[in-house]
Every structure is written in C-alpha cells, then in structure tokens.
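The values are calculated or read from the model by the stated rules, or taken from the named source; none is laboratory data. Please read all numbers here as calculations on a predicted model, not as lab measurements. Cβ placement follows ideal geometry from the backbone for every residue including glycine, while neighbour counts extend to all protein chains displayed.
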Amino acid sequence: MITFLGLSHLSISYSASALFYGQKILILDTKREIDNYKKKKFKVFEPNLKKILDKYSNNFNISYNFEDAIKSDIIFLAKDIKTDKKNNILLKETQSLLKRIKSHRNKILVIMNQVPVGFTRNIKWNKNRLYHFVETLVFGNAINRAIKPERIIIGKKNIECKISIKLLNFLKLYKCEIIQMTYEESELTKGFINTYLASQLITTNFLSEIANCYKSNWNRIIKAVTLDKRIGKEGYFKTGLGISGGNIERDIQSLNRITKVNKIKNNLPKFFINSNNYSRNWVNKIIMKQKIANKKVSVLGITYKEQTLSTKNAIQIDLLNKYKNKIIMHDVKSKSIRKTQYKSKRNINFKSLKYNLEKCNIVVIFHNIDIYKEIKFYKYKNIKCIIDPFGIVDTKNIKKINYYKLNY
C-alpha cells in the first residue's frame, strides 16, 4: 500500500495514477478534511478522475486514523501548499501533517508538495529514506500528466545515495526517465520550471500588446514564431490576463524572497510580479472607462479556467472584491464551486444565465463554453459593453455593443 498524506488536488491526482498502475492507496488527513470529502464539500474537477476512482474503488481508502500508515511502505506528503495573499508559502499545515506521522519514521517518506529550498533536508527523518519529488501537474489535465509524466525528478540526500528499491520499483511503473539529484536541486527545479513558464506567459502578453498597437493578428505572428525549433509549438503562446492558479505565482514569490536573502541585485522576479499585475488589470481598466451610470457587471465563469474548480488568484475574484454588490456571476459548476468554498467567507452572488443577461449592462466572459458562445447579445438592450478577452463570442451576435478582446 502507498499512503498519500493530505487530501488535496495533488494527492487525489497522483492517487489516481497509482491506482491506474495497480497500487493500493490510502489518503490520510484530519477528521474535518475527511468528513468534508465524504459530505462532498471537497471536490476535484478533473477529466477521467471519477472513472478511475470508481474502477479501482476496492483499492482506494481515505482515513483520519494516522496509525493506518503502518500498513504502507511509502508515504507521499502530498497536500497542496497554502499561500497568503502575496503568494508566500504557508507551512503550518504541512508541518502539522508531518508531526502526525513521526511514529512512522521507519517508512520511506517522499515530499511531493511545494516546499521552499532547504525544507526537505531539515526534516527529522532517516535521510536514506527521505526524498523530494517534483510534481508538474496542470489543472484540467492533471490525471493524464500524473499517469504519463515526461520524466520523474527525485531529490536525495546526495547524488551517490541510491533510491530505496521499493520506491524505485514504484517509480519504474511510470516508464519514463528518472532524473536523480540532491534535495536542494530538486526543490529548485520545481521553482525553476514555473519561472520558465512565467517568462513565457509574461513575454506572450507583452509582445501581443505591441502587436495590437499595429493592429496585427497575433495568431498569424505566433504561428510563424513557433515554427522556430528553438522556441517550439508547445509553449505558452496564448495571450492571457496574467498568471492564475497559485502555483507559478507561489514559485515566483519564493524566488523573489531568495534574491533578497542572497542580496542578488538582478530583480527579474520583481519584474515578473509587476508585469503580471499589469496584465491582470486589463479587464478592470476596460470596465472603468465605460461611461455607464449604475454599472452592473455580469461575470460568466468564475474559476480561473474552465477545467477546474479552483478560484485561486483568479481575475474574477479581483473583480468581485473590487465591485462587490455590483457583480453578479454565472458558472455552470456553481453548485460544486459553492461546496469547495466551505472554508471561505466570500459571498459569491451566483444567478441564472438569464438573470445575468437581463440585469447587467457590462458582461465579462471568461469561459470558452458553448452556452456562452451561443448567446444572442443583441437581444438584450440593457447590455452596453461586452468584454471578451479570449475572443469566445461570435461577433455576429453582438451588433452595436461596445466589444473588447485581447487580440486582433
């Protein structure tokens, strides 16, 4: 049996991959977290997840009895790290979970969640049985990436140390290259991957804004750019509203802290943060310049992208906090979202799509789904402005309404 310590998107996704490869899985967390899972207040929205959990239900168990870990050979600490409002890592929950398994120090422990550099080596554990694992999941495609990773990255106490045979046999099930390094190299690699991704996202938004100055078609430009093998087709070349989801932001903030601690004068992380904030404010700038009395804003799609229930760092929440009672919202997953917000005091004013369209004068569309694409906006005389950053709407359904999108 393999134990995943902590109930979260991370542990559920990798549990599904381990089940897929024939393993028995136990997830441990506090009674409150397990009870909320059973009451369906905790949900993970991922394609194929339910199918795998149902198929292998006999091999899957969750519990708040931490002594059940005695049945396992390997324990993965896999609780998604919380961050504060500035994306700084909060370790209280992680440390609390580690204390609960201190009686199992004879087991193999793998730190899978997103910890700062130096954290793994400072854990009081037999270093021959302690490892760091770099996860690179993506919301909406997590199960596929967990089952078929490009590579597995494992941090050890030193490069000469051999991976425990039980852990190595498990990792070999994934049939990909296993890259071994030190704890610190592994922890840094996690942050560096997200830094490269951030640089792509921010560069894309910067260059697309320049293209707009010349009324140039971004899609034609980027098709030519990505045919250069040095750049490639698989990068982040879709223009967006900055970075959301929490993971990349967390690692950029960690790098920002590292540059300060080590007195590094290169302020690249700070540039990323400022540039990202600039992109995030695009929708708000459009709303503010509308000369409309008694603005009522409808937001269609509250999660930061369609294939997730996460609202972490979503632009939509920025708008909610700024405009408060002037905001109404619609999301096809509203019932599930309400249940995942059980810890939050945030009041999300979900209404039917019909109500949104009849009561607002500004519509902001975030989710690329058919129900929004097919709206006949011209039928609603109250709608004066449509903000469609990603060009989701068929413009023939607009007619004489102020319309805004990111790219020509």
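Has region 294-303 got any residue that is in contact with a helix residue (DSSP H, G or I) (Cβ under 8 Å, 6 or more places away or on another chain), modelled with pLDDT of 85 or more, part of a loop (DSSP other than H, G, I, E, B) and among the basic types (Lys, Arg)? Yes: region 294-303 contains one or more residues that are in contact with a helix residue (DSSP H, G or I) (Cβ under 8 Å, 6 or more places away or on another chain), modelled with pLDDT of 85 or more, part of a loop (DSSP other than H, G, I, E, B) and among the basic types (Lys, Arg). Residues that are of a type in the set (Ser, Thr, Tyr) and crowded, with 16+ Cβ neighbours inside 10 Å were ranked within region 349-402; the one that is farthest from Lys296 (Cα to Cα) is Tyr372. Only one of the numbered conditions (1) under 20 Å from Gly240 (Cβ atoms); (2) without any contact (Cβ under 8 Å) to a residue 40 or more places away in the chain is violated by Ile398, and that is (1). From the list Ile70, Ile62, Ile2, Ile27, the one residue that fits, being out of contact with any strand residue (DSSP E or B) (no Cβ under 9 Å at 6 or more places or on another chain) and either at pLDDT 95 or above or under 28 Å from Leu168 (Cα atoms) (or both), is Ile70. Among residues of region 74-93 being of a type in the set (A, V, I, L, M, F, W, C) and outside any strand (DSSP E or B), the one that is farthest from the chain's Cα centre (by Cα) is Leu91.
What are the pairs with Cβ atoms under 9 angstrom where one residue, in region 61-81, is assigned by TED's automatic domain parsing to the domain that holds Lys99 and the other, located anywhere, is part of a helix (DSSP H, G or I) and among the aromatic types (Phe, Trp, Tyr)? Sequence gap at least six, or different chains. From residues that are assigned by TED's automatic domain parsing to the domain that holds Lys99, the pairs are Ile62/Tyr37; Asp73/Phe170; Ile74/Phe170; Phe76/Tyr14; Ala78/Tyr14.
The residues of region 230-260 that are aromatic (Phe, Trp, Tyr) and either in the same structural domain as Val44 (by TED's automatic domain parsing) or farther than 17 Å from Gln307 by Cβ (or both) amount to a single one, Phe237. Selection of region 94-115 for residues being buried (at least 18 other Cβ atoms within 10 Å of the Cβ), over 18 Å from Ile159 (Cα atoms) and within 23 Å of the chain's Cα centre (by Cα) yields Thr94, Leu97, Met112, Asn113, Gln114, Val115.
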